[in-house]
1. What ranking of 5, 68 comes out by heavy-atom accessible area, probe 1.4 Å, highest first?
2. Find which of 71, 90, 52 sits farthest along the positive direction of the dipole of segment 38-100, computed with +1 on the beta-carbon of Lys and Arg, -1 on that of Asp and Glu, about the Cα centre.
3. Please identify, among 136, 113, 41, the residue showing maximal mean-square fluctuation in a Gaussian network model of the chain using a 10 angstrom Cα cutoff.
4. About its Cα centre, how strong a charge dipole does segment 38-176 have in debye, to the nearest 20, once Lys and Arg get +1 and Asp and Glu get -1 at the Cβ?
5. Among DSSP bridges having both ends in segment 37-176, what percentage is antiparallel? Round to the nearest 5.
6. Considering only 157, 138, 169, whose Cα is most displaced toward the positive end of the charge dipole of segment 104-176, charges sitting on Cβ of Lys, Arg (+1) and Asp, Glu (-1)?
7. Taking the Cα centre of segment 67-121 as origin, work out the dipole magnitude from +1 charges on Lys and Arg Cβ and -1 charges on Asp and Glu Cβ, in debye rounded to 20.
8. With every protein chain present, what accessible area does residue 22 have (1.4 Å probe, heavy atoms only), rounded to the nearest 10 Å²?
Amino acid sequence: MIGCCDSRVSPEVIFDAGPGELFVVRNVANLVPVYAPDGGTHGVSAALEYAVNALRVKHVVVLGHAQCGGIRAFIDKIEPLSPGDFIGRWMSMFVKPGEKVEQRDHESMADFTVRIEKAAVFRSLENLMTFPFVQTKVGRGELNLHGAYFGVAEGSLFVLDKDAKEFRSASQEVGE
Ligand SMILES: [Zn+2]
């Protein structure tokens, strides 16, 4: 499970999981970096490596959420909070070289924000596939990647329909 640091988006609470049930990595805006075997120290990649190759998890879920402060900071292009600008640098991985993330004509700020929060899930799923060991296991059908989005205000969970590229209410899926 790859989730955000946001205290309102606890995967264990949302999925009603007890100790030993979920292997969780949380970071600002639930981002997975691109595979980069460059000798650097990569926390998310280390957790992913362990989950996939040692624990042999069958599923990886990227859990995005509404009202994400990391996404908001990215959209608002906030001033660095410290000289290191760690949030700014971290969020910059969200944008591919040459890509522009902008509010569309007639798109409200609220809609824009939700679109980017969901885009963070798509980007992380895309980046997961840059890891050779993920790609291989997905290809063999031994690993499944999923996207989800949590509405913190209503406590509602949406699951990504990858074919339709849309998030659908999880409660509808189980016929509630
Ligand atoms: Zn967040």
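1. Listed by decreasing accessible area, they come as 5, 68.
2. Value computed over the given set: 52.
3. Result: 41 has the largest fluctuation of those listed.
4. Dipole about the Cα centre, nearest 20: 420 debye.
5. Looking only at bridges with both residues in segment 37-176, the antiparallel portion is about 55 percent.
6. It is 138.
7. In total the dipole reaches around 180 debye.
8. Rounded to the nearest 10, the figure is 60 Å².
The values are calculated or read from the model by the stated rules, or taken from the named source; none is laboratory data. Please read these numbers as outputs of a predicted model, since none were measured by experiment. Using ideal geometry, Cβ is built from the backbone for each residue, glycine included, and neighbour counts are taken over all protein chains shown. Surface areas here come from the heavy atoms of the whole protein model, side chains and all, with no ligands, DNA or RNA. Shrake-Rupley method; radii C 1.70, N 1.55, O 1.52, S 1.80 Å.
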